[in-house]
Amino acid sequence: MGADAILLFSHGSVLCGAERNLLALAARMRARGDAAIVEVGFLNYTEPLFATAVSRCVAQGATRIVIAPYFLVSGKFVVQELPAVIDAARAEHPGVTFVVGDVIGFHPALAEAILSSAASARPTAAWREELRIAGESCRENPKCPLHGSAVCKVPA
C-alpha cells in the first residue's frame, strides 16, 4: 500500500540560500512525523524543482501527494503556474493522486508569528549577517544578486 506525501511548494528565488527556511520546515515536519514523506519543490530558480520533488515522493512510495502551497495568498503562481506543473506531474506519474491544500492565508497563529518577528526587528545593518549566511549556500547562478560578490563562495 502506498503512502501519503506532503510536498511543500514555493516559487523559488534567484538569491542563493533563500530556500533555507522552507528546507528547515520540511526537516522539522519529517522529525515530528507529520507525514510518511515530506519533500520541498520549487517552481523556478531553486532546486529541487517541483517535478524532481514529485519524483522523490514517488521513489519513496507515495501514491497520494498533498501539495501545500507556501504562499500567503492565491496569486498567479498558485492559480496559474501550480496547475500546469501538477498536470505535467500527473502525466509523468499516472498512478499518483495529487491534491492541493490551501495557501497559508489568514490563520490565527499568523498574527502571533508576525508580532514575534517584529519583536526581533534589527537595524538594516544587521542584514549583512543574513547576506553572509546566504553566501554559504551559493551555487553557480549568475542570476543570484550575490554571485561574484565578496560573500559568494562560488568563483565568478
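The values are calculated or read from the model by the stated rules, or taken from the named source; none is laboratory data. The shown structure was predicted, so the numbers you read here are calculated from the model rather than taken from an experiment. Cβ sites come from the backbone with ideal geometry, for glycine too, and all protein chains shown count toward neighbours. These accessible areas exclude ligands, DNA and RNA; they are computed on the full protein's heavy atoms, side chains included. Shrake-Rupley method; radii C 1.70, N 1.55, O 1.52, S 1.80 Å.
Before moving on, here are some points about what is shown:
- Against the chain, whose longest principal axis is taken from its Cα atoms, helix 20-32 shows a tilt of about 50°.
- The relative contact order of the chain comes to 26 percent, based on Cα pairs under 8 Å that sit 6 or more residues apart.
- Averaged per residue, the chain has 59 square angstrom of accessible surface, using a 1.4 angstrom probe with ligands and nucleic acids left out.
- Surface share of carbon and sulfur [accessible, 1.4 angstrom probe, percent] for the range 1-142: 59
- Using Cβ point charges alone (K and R +1, D and E -1), the dipole size of the range 1-97 about the Cα centre works out to roughly 220 debye.
- Ranked by how many other beta carbons lie within 10 Å on average, peptides 81-91, 108-118, 57-67 from highest: 57-67, 81-91, 108-118
- Kirkwood Rh in Å, taken over all unlike Cα pairs in the range 24-156: 17.6
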